[in-house]
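Reading through the structure tokens given below for one structure.
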Amino acid sequence: MANTAIIIDGKAVSAKIREELKKETEQLNKKGIKPGLAVVIVGNDPASRTYVNNKKKGCAEVGIYSEEYALSEETTQEELLELVDKLNKKEDINGILVQLPLPKHIDDKAVIAKISPKKDVDAFHVENVGRIMLGEYKFLPCTPAGVMELLKAYDIDPAGKECVIIGRSNIVGKPMAMLLLHANGTVTVCHSKTKNLKEVTNRADILVSAIGKAKFVSADMVKEGAVVIDVGINRDENGKLCGDVDFETVKEKASYITPVPGGVGPMTITMLLKNTIEASK
Ligand code: NAP
């Protein structure tokens with residue numbers, strides 16, 4: 001009989017890192033440094049509201065000062081850019097996070113470009129994206145950084161391993177590929193135009209899925225003993241939260257697997273807190 005995978009506990013890893021971050025802020029406070037994060041939300045998207053609330057809660061937990069700017073759906077691009085400019089200059093703010101997606105009439109690229117790269121704790125600014133490419137970064141994008149921390153916590157070293165990522169978005173797939181490459185993995189990135197996807201994913205020692213399709217990754221796509229990291233956040237046919245991976249069948253084949261919820265998700269905000277503390281130094 002096949003062994004059942006070890007479940008990677010994102011909540012426990014996240015809690016441990018937050019403990020360390022709390023100690024770090026206490027040390028910084030003693031030196032007169034108070035890390036501060038500004039969170040900007042435009043409009044009334046309920047998912048964005050939940051994310052923003054969780055980010056503020058995370059800040060309070062580790063001793064980061066936070067400010068929220070909740071703007072109406074009708075806010076113009078110019079008004080938002082003005083606010084970002086003001087926050088760029090604000091001395092008690094080290095990190096600026098503009099919650100995406102923005103309303104359709106606002107160009108998110110223009111907004112991200114306006115954020116000072118030194119305060120860009122999401123690491124979306126072209127300067128930080130370029131640094132990730134070179135491997136000379138100060139901030140890492142939170143979700144891929146969270147995945148790397150999970151691998152580290154379970155002593156999974158990507159060096160020399162076949163790493164396959166499904167998804168090539170700028171916030172997950174592409175930076176994930178860079179981080180695994182910097183960690184000496186042999187990296188393949190798949191997307192909607194990939195031919196013979198199953199053949200490619202079956203090569204993976206480490207398989208990362210960031211697609212956004214409920215239970216898309218089935219057991220026949222996974223090599224026996226693979227490490228399976230599920231970034232997806234979806235709803236199944238019953239409206240229940242689930243990942244991209246068919247957890248129940250894949251866990252019988254994988255060696256390690258992240259659940260949804262409780263896997264990658266908790267790590268994302270923790271990495272944001274880490275970046276904010278980094279920015280304050
Ligand atoms: P995205 O921008 O929509 O990108 C999805 C990627 O999946 C695209 O590259 C797309 O390929 C690829 N794809 C779609 N269908 C495919 C198929 N049938 N076969 C192979 N590839 C396929 O999504 P994202 O922003 O990266 O997010 C992905 C998922 O992660 C979502 O569920 C999101 O909610 C979740 N997420 C979670 C966290 C977290 O904290 N856990 C953070 C961010 C995102 P093309 O490029 O060819 O279209």
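Helix 46-62 and the long axis of the chain differ in direction by around 80°, with both axes built from C-alpha atoms. In terms of its alpha-carbon gyration tensor, region 136-181 comes out oblate; a/c meets the 1.5 threshold, while b/c is at least as large as a/b. Just to confirm my numbers, what's the Cα centroid distance between region 121-166 and region 192-206 in Å? With region 121-166 and region 192-206 each reduced to a Cα centre, they are spaced 21 Å. Hey, what angle do you get for helix 142-153 against the long axis of the chain, alpha-carbon based, 0 to 90 degrees rounded to 10? The two axes meet at around 50 degrees. Sorting 56-66, 79-89 by average packing, meaning the other beta carbons within 10 Å per residue, from highest down gives 56-66, 79-89.
Rounded, prolate or oblate: pick one for region 71-137, where a ≥ b ≥ c are the square roots of the eigenvalues of its C-alpha gyration tensor, a/c under 1.5 means rounded, and failing that, prolate if a/b is larger than b/c, else oblate. Note, shape of region 71-137 comes out oblate. Under a Gaussian network description of the chain, with springs only between Cα atoms under 10 Å, the residue in Asp244, Asp230, Asp220 that fluctuates furthest is Asp220. Largest GNM mean-square fluctuation across Lys215, Lys104, Lys198, computed for the chain with C-alpha springs under 10 Å, falls on Lys104.
In whole percent, how big is the carbon plus sulfur part of the accessible area of the chain, probe 1.4 Å, protein atoms only? Result for the chain: 53 percent of the exposed heavy-atom area is carbon or sulfur.
What pairs in Lys22/Lys56; Lys23/Lys55; Lys11/Lys251; Lys16/Lys251; Lys109/Lys215; Lys56/Lys138 have C-alpha atoms more than 20 Å from each other? Cα-Cα > 20 Å for Lys16/Lys251; Lys109/Lys215; Lys56/Lys138; rest within. Taking the DSSP beta bridges with both ends in the chain, the antiparallel portion is around 5 percent. What shape does region 101-209 take by its C-alpha gyration tensor, where a ≥ b ≥ c are the square roots of the eigenvalues and a/c under 1.5 counts as rounded, a/b above b/c as prolate, and the rest as oblate? The shape class here is oblate. The string of couplings for region 225-235 from the Karplus curve (6.51, -1.76, 1.60, θ = phi - 60°) is x, 6, 8, 10, 10, 10, 8, x, 10, 9, 10 Hz, one whole number per residue in order, with x for Gly and Pro. Solvent-accessible surface of the chain, averaged per residue with a 1.4 angstrom probe and all protein chains in place: 49 square angstrom. Protection proxy ranking of 133-140, 189-196, 248-255, by the mean of other Cβ atoms within 10 Å over each peptide's residues and highest first, is 248-255, 133-140, 189-196.
For Ile6, the amide hydrogen comes within under 5 Å of the amide hydrogens of Tyr256, Ile257, counting only partners 5 or more places away or on other chains and with H modelled in the peptide plane. From its DSSP helices (H runs of at least four residues, each -39,500 (n - 2.57)), the chain gives a residue-normalised ellipticity at 222 nm of -12500 deg cm²/dmol.
In degrees from 0 to 90, rounded to the nearest 10, what is the angle of the helix 77-89 Cα long axis to the longest principal axis of the chain? Tilt of helix 77-89: around 80 degrees.
The values are calculated or read from the model by the stated rules, or taken from the named source; none is laboratory data. Note that the coordinates shown come from a computational prediction; the quantities given were computed from them, not determined experimentally. All Cβ positions, even for glycine, are placed from backbone atoms using ideal geometry, and neighbour counts span all protein chains on display. Surface accessibility is based on the protein's heavy atoms, side chains included, excluding ligands, DNA and RNA. Shrake-Rupley method; radii C 1.70, N 1.55, O 1.52, S 1.80 Å.
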